[in-house]
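Report on one structure; see the data block that follows.
Any read-out appearing in this document is the output of simple, stated calculations on the displayed coordinates, not a laboratory observation. Note that this is a predicted model, so its numbers are computed, not measured. So basically every Cβ, Gly included, is an ideal-geometry build from the backbone, and we count neighbours across all protein chains shown.
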Amino acid sequence: MRKNIVAGNWKMNKRFDEADELVSGIMDLLEKQELPQNTLMILCPPFPYLEMCTDYSNDSYFAIGAQNVNDNDRGAYTGEVSAEMLNSMEVEYCIVGHSERRAYYGETDAIVARKVDQLIKNDIRPIVCCGEVLEEREGNKQFEVVRRQITDGLFHLSAEQFANIVIAYEPVWAIGTGKTATPAQAQEMHAFIRGLIADKYGKEVAEATSILYGGSCKPTNAKELFANPDVDGGLIGGASLQAEDFVNIAMAF
Ligand code: PGA
């Protein structure tokens, strides 16, 4: 059975002491109330806080993910972080192709594909983001865009490699805007993505892939989003910065 996943993408937020407080707040809440069965929580802090978070995660309440990785092995890439480094710090997941990286840092589908390769080579599971911008949705191009992102970013993988992939559908118009996709819009796109995976790798691989929704997911709307058969959890931005909100979202399965 595929996993339900709630991943918190902190983006570029919080000082170290605030980040520490957030993780210990999450731990306190999870000590009182266990996560629903088959639910995995992942925290994706900024790079400098990874070690603090992996130290906490030794108790296995949650797994740790990075927000980005470089697409080269190692070497003279000032300021960059490799998949090998992440692996050596017990990081298990990494977000790739987030719309903010695509929009501000020129992350193309080809770069996404190379980052995914680096992560898989280093035993880190990629959380690969896809999603259309508002004009594309208004022009009814959302399926075309997501098909391209998934095909060009991921379909060079073997079925065995693809088994490591988590997908996050994040309509860009819903990210940080307070505008959430309706449960029906999310379900429609998630079913479409699962169909693409089934066509390429077969039904069994498609059924085993967790597909998360992202974009203004909150404690108040998580339940109706997660109730859809093809929505296997969420990639949470704003609401993951507050322990109670984030844990409440994880309890929504
Ligand atoms: P949001 O961000 O929950 O703040 O909309 C989601 C994301 O960008 O992953």
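Data for the structure
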quantity: Viscosity 0.692 mPa s, temperature 37 °C, Stokes-Einstein D of the chain from Kirkwood C-alpha radius, µm²/s; calculated: 182
quantity: log10 of Debye I(q)/I(0), alpha-carbon scatterers only, for the range 128-253 at 0.18 Å⁻¹; calculated: -0.93
quantity: Mean residue ellipticity (222 nm) of the chain, computed from DSSP H runs ≥ 4 via -39,500 (n - 2.57), nearest 500; calculated: -13000 deg cm²/dmol
quantity: Positive-pole candidate from Phe62, Leu154, Gly233, dipole of the chain, charges at beta carbon; calculated: Leu154
quantity: Which of His156, His98 has the fewest Cβ neighbours within 10 Å, and the rest in rising order; calculated: His156, His98
quantity: Span-like helix ranges in the chain, DSSP H, alpha carbon extent 20 angstrom or more, Kyte mean at least -1.0; calculated: 16-32, 183-201
quantity: Rounded to the nearest 20 debye, dipole of the chain from Cβ charges on Lys, Arg, Asp, Glu; calculated: 600
quantity: Value of relative contact order over the chain, rounded to a whole percent, pairs C-alpha under 8 Å and six or more apart; calculated: 22
quantity: Under 24 Å from Lys115, Cα to Cα: lysines that are on another chain or at least 8 residues apart; calculated: Lys3, Lys11, Lys200
quantity: Residues Met41, Met12 arranged by fewest to most Cβ contacts within 10 Å; calculated: Met12, Met41
quantity: Packing-based exposure ordering (other Cβ within 10 Å, fewest first) of Lys141, Lys32; calculated: Lys32, Lys141
quantity: Whichever aspartates and glutamates have a C-alpha closer than 16 Å to that of Lys203, once near sequence neighbours (fewer than 8 apart) are set aside; calculated: Glu160, Asp230
